[in-house]
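See structure below.
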Amino acid sequence: MPRQHASSTRHFAALSAAAAALLALAGCAPASSPAPRTDGTATGTGSAHSTLPGSHVHGIAVSGETSQVLLATHDGLFDVTTTPAAKIGGTNDLMGFTPGPSDGVFYASGHPGPGSDLPNPLGLLRSSDGGKTWEQLSRQGESDFHALTATQAGIVAFDGALRTSPDGKAWSTVAADFAPAVLAGHPDSTTVLATTQDGIQRSTDSGSTWTPLENGPVIQFAAFAHPAEAVGVEPDGTVHYSPDAGQTWTEQGRIDAEVMAIAALKGEDGRPWIWAATADGVMVSTDGGMTFRPADAD
């Protein structure tokens with residue numbers, strides 16, 4: 001399992017899946033499974049043969065320190081490093097989910113589940129204990145952030161309006177003429193990528209201003225493996241790699257399954273490790289997206 005070399009504070013990599021209503025790009029389906037092995041040379045995508053922990057997967061997080069793989073789902077947060085998957089915390093529909101700047105810190109949004117006393121919608125929540133408990137930060141009863149990411153300058157989120165916050169409590173609304181399916185950032189960078197049906201929008205000031213990327217791929221999912229390295233997946237599963245924080249892209253391989261969320265960690269020589277939550281389970285690539293295999297493959 002590769003260590004995260006970019007920062008001592010960035011222990012988890014994740015990206016929340018988009019709501020299909022925001023874009024006519026793809027749907028949402030379940031996924032699961034534990035962290036990958038470093039041996040083996042399987043090149044197909046195949047079935048992960050796993051019991052799915054939730055009816056929908058909205059995000060995936062992978063720890064560069066412990067190899068822990070977490071799925072944010074319609075039924076809460078699950079650790080799928082174990083078999084069967086272990087439930088973490090209460091049952092809430094985590095429509096938006098992203099790691100914070102240090103290990104065990106997560107931000108989430110969505111709707112309360114059965115038996116929850118949280119407001120609907122959840123607004124922005126923060127966990128400092130790996131998802132076991134959640135603190136209500138702001139916009140409770142107001143916002144269901146389907147797209148959510150953390151940057152060096154704070155939080156960027158979308159609930160029908162694009163918003164930024166330095167602390168998760170005070171918010172500014174950004175004038176934007178696009179609805180992002182996914183927002184991808186990195187806690188050690190101010191660059192943010194927004195995926196849209198018309199192409200990638202890119203910000204270098206933590207979401208305050210945006211520029212459309214000319215001649216880039218139309219990707220649905222994006223994630224940063226490192227402040228300078230990004231990966232993206234088209235609706236048809238085609239994988240792309242960017243060595244310059246989303247300015248230019250190179251086509252890699254393909255995921256032959258319905259993708260719902262991706263995460264990435266820095267690898268070696270421009271070959272990040274990429275995890276994809278798919279309808280067939282969690283898939284992993286250790287060669288920068290050229291080939292994928294089930295994450296629980298022996």
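Annotations for the structure displayed:
- Percent carbon-and-sulfur accessible area, the stretch 205-262, ignoring ligands, DNA and RNA, probe 1.4 Å: 45
- Taking the charge dipole of the stretch 140-234 about its Cα centre, with +1 at Lys and Arg Cβ atoms and -1 at Asp and Glu Cβ atoms, the residue from Ala230, Ile200, Ala170 reaching farthest to the positive side is Ala170.
- Within straight-line reach of Lys169, meaning a Cα separation under 29 Å, sit the following lysines at least 8 residues removed in sequence or on another chain: Lys87, Lys132.
- As computed over the stretch 83-183, the Cα convex hull volume per residue (Å³): 104
- When each of the peptides 191-197, 161-167 is scored by the mean number of other C-beta atoms lying within 10 Å of its residues, the order from highest to lowest reads 191-197, 161-167.
- Length gained on full extension, Gln152 to Thr83, computed as 0.36 nm times the residue gap minus the Cα-Cα distance: 21.4 nm.
- Taking the average, over residues, of other Cβ atoms within 10 Å as the packing measure, peptides 273-280, 243-250, 98-105 rank 273-280, 98-105, 243-250 from highest down.
- Amide N of the stretch 240-254 lying under 15 Å from the label point, which is placed 7 angstrom from the Cα of Asn215 along Cα→Cβ: 247-251
- Solvent-accessible area per residue for the stretch 145-201 (1.4 angstrom probe, square angstrom): 32
The values are calculated or read from the model by the stated rules, or taken from the named source; none is laboratory data. Everything quoted here is computed from the prediction, not taken from an experiment. Note that each Cβ is placed from the backbone with ideal geometry, even for glycine, and that neighbours are counted across all protein chains shown. Areas reflect the complete protein model, heavy atoms only, side chains present, ligands, DNA and RNA absent. Shrake-Rupley method; radii C 1.70, N 1.55, O 1.52, S 1.80 Å.
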